[in-house]
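The values are calculated or read from the model by the stated rules, or taken from the named source; none is laboratory data. Source: prediction; values computed, not measured. Neighbour counts are summed over all protein chains in view; Cβ atoms, including those assigned to glycine, are modelled from backbone coordinates with ideal geometry. The area values use the complete protein model at the heavy-atom level, side chains included, leaving out ligands, DNA and RNA. Shrake-Rupley method; radii C 1.70, N 1.55, O 1.52, S 1.80 Å.
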Amino acid sequence: MNDMDSEVLPLPPRYRFRDLLLGDQSFQNDDRVQVEFYVNENTFKERLKLFFIKNQRSSLRIRLFNFSLKLLTCLLYIVRVLLDDPVQGIGWAPILWVERKITLWALQVIIALIGFLETMLLIYLSYKGNIWEQIFRVSFILEMINTVPFIITIFWPPLRNLFIPVFLNCWLAKYALENMINDFHRAILRTQSAMFNQVLILFCTLLCLLFTGTCGIQHLERAGDNLSLLTSFYFCIVTFSTVGYGDVTPKIWPSQLLVVIMICVALVVLPLQFEELVYLWMERQKSGGNYSRHRAQTEKHVVLCVSSLKIDLLMDFLNEFYAHPRLQDYYVVILCPTEMDIQVRRVLQIPLWSQRVIYLQGSALKDQDLMRAKMDNGEACFILSSRNEVDRTAADHQTILRAWAVKDFAPNCPLYVQILKPENKFHVKFADHVVCEEECKYAMLALNCICPATSTLITLLVHTSRGQEGQDSPEQWQRMYGRCSGNEVYHIRMGDSKFFMEYEGKSFTYAAFHAHKKYGVCLIGLKREENKSILLNPGPRHIMAASDTCFYINITKEENSAFIFKQEEKQKRQGFSGRGLYDGPSRLPVHSIIASMGTVAMDLQSTDCRPPNSSKLALPTENGSSSRRPSIAPVLELADSSSLLPCDLLSDQSEDEMTPSDDEGLTVVEYVKGYPPNSPYIGSSPTLCHLLPVKAPFCCLRLDKGCKHNSYEDAKAYGFKNKLIIVSAETAGNGLYNFIVPLRAYYRSRKELNPIVLLLDNNLDSLLQCGIIYADNLVVVDKESTMSAEEDYMADAKTIVNVQTMFRLFPSLSIITELTHPSNMRFMQFRAKDSYSLALSKLEKRERENGSNLAFMFRLPFAAGRVFSISMLDTLLYQSFVKDYMISITRLLLGLDTTPGSGYLCAMKITDDDLWIRTYGRLFQKLCSSSAEIPIGIYRTESHMFSTSESQISVNVEDCEDTKDVKEPWGSRSGSGTSHHRPHRNSCASDQSDHPLLRRKSMQWARRLSRKGHKNTSKTAEWINQQRLSLYRRSERQELSELVKNRMKHLGLPTTGYDEMNDHQNTLSYVLINPPPDTRLELNDIVYLIRSDPLAHVTNDTHSRKSSCSNKLEPCHPETRDETQL
């Protein structure tokens, strides 16, 4: 035994590795047994069952054969009736006996035998222990009635002419048809439409009722009026349609009884069928049905996948998508897992959308629903996240799964994905276009702090508009603002462009200036044919080539423009040349006015191009002091080596790195340029930034608590030189990285870097400690906790109320925030009795009724860049379907991406020293010739007298008096009431001299008070105490001011920096995108610039170039000293 166990037998050759690979050739003739395995039992019954029932294809053939037999029996019955020659008999004889030809009888017997055998076989195969269940089935009973009598006639010839109701086979044919359709769909592995099945069943039921009634009445009336088949069919149609003419009626009681039975059956069966059909129709309306495969192959469609569809999102998508002429024939298929909203249903019933928008209820994670939407034939798929979710990460996870499912099902369908959190962006990197909401939101908030109203500028650029908004307004600023809002970004190949073709071989700045001067278009960037990167303002070194793709800002694209060359004298004779909406120094020229929808007629004022250094651009001397206002240098066709780059940019930045400032006090004076060592999430674009040489300790990041390195506990103690930027947020998320980077980018001068304070505790003490009175901007982004509101529009409630509170406490502070819903922007800086805001509300409603996509643009907080909604940037994703470069350009403008050689967005302020330039066109030339900067727009602030009511004026009187008096110490107010009135009146005399109504009201009030003072002393003392209390009752603004100052004193903070009265209520600000060249510059205008990359042309001999550049540009430095400063 042990010997046998210890002996290891060799493996047979069939189990060797070599034999497994090459096969066993030596053991082919061994004694092996082949074993067959059956899925089903190897019995005769199981094989028959597999053939007749289980196998879809064979079962389908059998049912089709059965259906044909039943139709054939009905056809033979009609033939028998037509060949029958009825003889008027007596009693029941004509009903029981008919004339049947021998050939016809033989065919019917053969069909009956086949049907009988098939029925018995199916009964045997489907028997499961209860034979009575099979016998009492309606189909079995009808089969026996139509087959057994014919079989009997074989053995008993006298019964060959017996009447047999063969027409009842129509019901068996209906049953066979239903089973055949089910087997057909099972065989082709495709789900059938329940609506189609129900309609088919209803149609077959009607046909069977009509056929049964027609044949039954015709046969029974053989003993009566002997009606034909056609007459019987006419009678059934008239009866079932409840018309009942009465010209044909059954004469004998059997036929009358049959009519009663048929009507009762119809009244029971048909309502049930119709109820089922209506129910399926309603369910189909909810789920949306299917998108036709034929339509998907012949028409173009896009699919919109959302988790919940709201009316605002739907209208934004439809208005922006169908704003492009070439998308008018596209269909939009909406795939949403929730049931259609009532408002959405009402909108989709409008004929404008009902023919082009199809709503499907389903999930993008189911291939069945993607097949219903014909995703594989779609031109594009837009996947949007639900920004109203409390857990925004979970919303991103759902979006990621949808994107994966679509990519798996339709890998060739272009994907346009919206992501909320930047850390989730790398999961959908495979998508064709991705927009991260938090990236754009924080970048826009950051740029709003250094380039005012950048959010408004970007929003207007990415919205499709004809520039017709506000043209019926009586106010000049609304007409200019509305007209310039129609500017968008377009592209064209330079070799095919009339705008830029003539500048081939010229420098980029030369082409930009002359294109703006001649055509009114603003060239902002280009893309080389061999390079996929877009470059904004590549600088004067770049030479324009015919293969370059030019990106420009204009009212409409060049393809929709008509070029009309006219002389200046001829233009002056035109009616619109000297009058209209833009009459005055800042009127818009004709070459930027839309002549009709989608077309611009550009009147070129002169075909000859004047030299840029002509006397027209030179300002006349004033009192012989021509040296104070130098002329503007021409823009060179090819860049000169001595003026290629604004050398002060590089020199200033190098000085920032090497020579610390002496007057910065306690702030950090050393910076280095480098890339952030730690990226907060995967996929963040690396940006060269100003960094500290040594990483600051974590304990030093707390501003309100001292540590072993410093003992400062408030912003005042730090002694910051520049104004603060305070960010009020609930949590410090990864999105804040995109807020800090644009403010610390390498192209920002170190002298312009503002300290950033992150405020996570939003209360008054924290605001005061973090130095809000020393802040220039307050950014509020704390809204995540209110996303769980039952009403969607309440998601912004906390943000709105917090901003309103801080606006009341600190009126002079610039508060910037972002809202979820654009309609909530009307509550920002809300004043209930402001008649001007009410007028703007009416203007907004009028623009919305006119179909404008920018109806909210005239709200003062949005126009001034104080508030925006990130949902407005949804149009950025929609526009990318037509303009695939829009996301890249927007990211470059926002500083989210930094392409080598591409410029960046910045701003300069027009001061008194710059007003000699006079017009925007001359400023364009000045910037192009001196610093190679491209202006793209103006941020203008104007003084505006808002109309107020008399009640508001009286309130202002009280505010004025109380404000002047509150500066006195509390001890001086303890005197008598009469002694208190005189300083009140005197303190406000200067203000009342400007307002007679205010002076009259205050004098009457003082006179009444002094007249009542001569009465009874006891009553007078009590009355004086009450009046003194009412007099000391300060206005709302005074109470808020006292509250803030008391808290500052309690915290040990100085109150000298708190200015409670400067609330800028008499100013309004707005953005002018690409204004015409003859637009007058005004004091304090802020010009948006695209400045070329200062590191684009830095060579190895940087120091020698800087020294030569400083020597050559020393005389012209006074011209540009303030033009590149913020």
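Observations, loosely collected:
- Subset tally (residues that are of a type outside the set (S, T, Y) and open to solvent by 10 Å² or more (accessible area, probe 1.4 Å)) for the stretch 379-389: 4
- Members of the stretch 717-732 that are outside any helix (DSSP H, G or I) and open to solvent by 30 Å² or more (accessible area, probe 1.4 Å): G719, F720, K721, N722, K723, E730, T731, A732
- Residue satisfying condition, being over 26 Å from K174 (Cα atoms), of a type outside the set (V, I, T) and at pLDDT 85 or above, within set K45, K101: K101
- Failed condition for G771, given (1) buried (at least 19 other Cβ atoms within 10 Å of the Cβ); (2) at negative phi; (3) not β-branched (V, I, T): (2)
- Check on K673, surrounded by 12 or more Cβ atoms within 10 Å (Cβ to Cβ), in a strand (DSSP E or B) and not hydrophobic (A, V, I, L, M, F, W, C): yes
- Residue that is in a helix (DSSP H, G or I), modelled with pLDDT under 85 and under 19 Å from W171 (Cβ atoms), where the choices are L277, L270: L270
- If you go through the stretch 870-897 and pick out every residue that is surrounded by fewer than 21 Cβ atoms within 10 Å (Cβ to Cβ) and hydroxyl-bearing (S, T, Y), you end up with 2.
- Cβ pairs under 9 Å, 6+ apart, first in the stretch 451-463 and of a type in the set (D, E, K, R), second at pLDDT below 90 and open to solvent by less than 10 Å² (accessible area, probe 1.4 Å): none
- Pairs where the first residue, in the stretch 508-534, is open to solvent by 40 Å² or more (accessible area, probe 1.4 Å) and the second is of a type outside the set (A, V, I, L, M, F, W, C) and part of a helix (DSSP H, G or I), C-beta under 7 Å, 6+ apart: K517/G921
- Residue check, D776 part of a strand (DSSP E or B) and open to solvent by 50 Å² or more (accessible area, probe 1.4 Å): yes
- Within the stretch 543-558, if we keep just the residues that are farther than 16 Å from K518 by Cα and not in a loop (DSSP other than H, G, I, E, B), the residue that is most open to solvent (accessible area, probe 1.4 Å) turns out to be I543.
- Qualifying residue in the stretch 356-377 (condition: of a type outside the set (S, T, Y), under 21 Å from G733 (Cα atoms) and open to solvent by 50 Å² or more (accessible area, probe 1.4 Å)): no
- Pairing each residue of the stretch 799-815 that is farther than 21 Å from S869 by Cβ with any residue that is among the charged types (D, E, K, R) and part of a loop (DSSP other than H, G, I, E, B), provided the two are 6+ apart or on different chains, yields C-beta distances under 6 Å for P811/D1063; S812/D1059.
- Condition met for I740 (within 29 Å of K425 (Cβ to Cβ), open to solvent by 20 Å² or more (accessible area, probe 1.4 Å) and either in a helix (DSSP H, G or I) or at pLDDT 80 or above (or both)): yes
- Of all residues making up the stretch 124-168, the number that are open to solvent by 70 Å² or more (accessible area, probe 1.4 Å), touching a residue at least 40 places away in the same chain (Cβ under 8 Å) and more than 23 Å from A93 (Cβ to Cβ): 1
Quick grid of which residues meet (1) among the basic types (K, R); (2) within 27 Å of L692 (Cβ to Cβ):
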{"residue": "V727", "(1), (2)": "no, yes"}
{"residue": "G735", "(1), (2)": "no, yes"}
{"residue": "R744", "(1), (2)": "yes, yes"}
{"residue": "C770", "(1), (2)": "no, yes"}
{"residue": "D776", "(1), (2)": "no, yes"}
{"residue": "V781", "(1), (2)": "no, yes"}
{"residue": "L809", "(1), (2)": "no, no"}
{"residue": "L819", "(1), (2)": "no, no"}
{"residue": "M825", "(1), (2)": "no, no"}
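- Looking at K695, K673, K721, K716, just one residue is out of contact with any helix residue (DSSP H, G or I) (no Cβ under 8 Å at 6 or more places or on another chain) and closer than 23 Å to C449 by Cβ, and that residue is K721.
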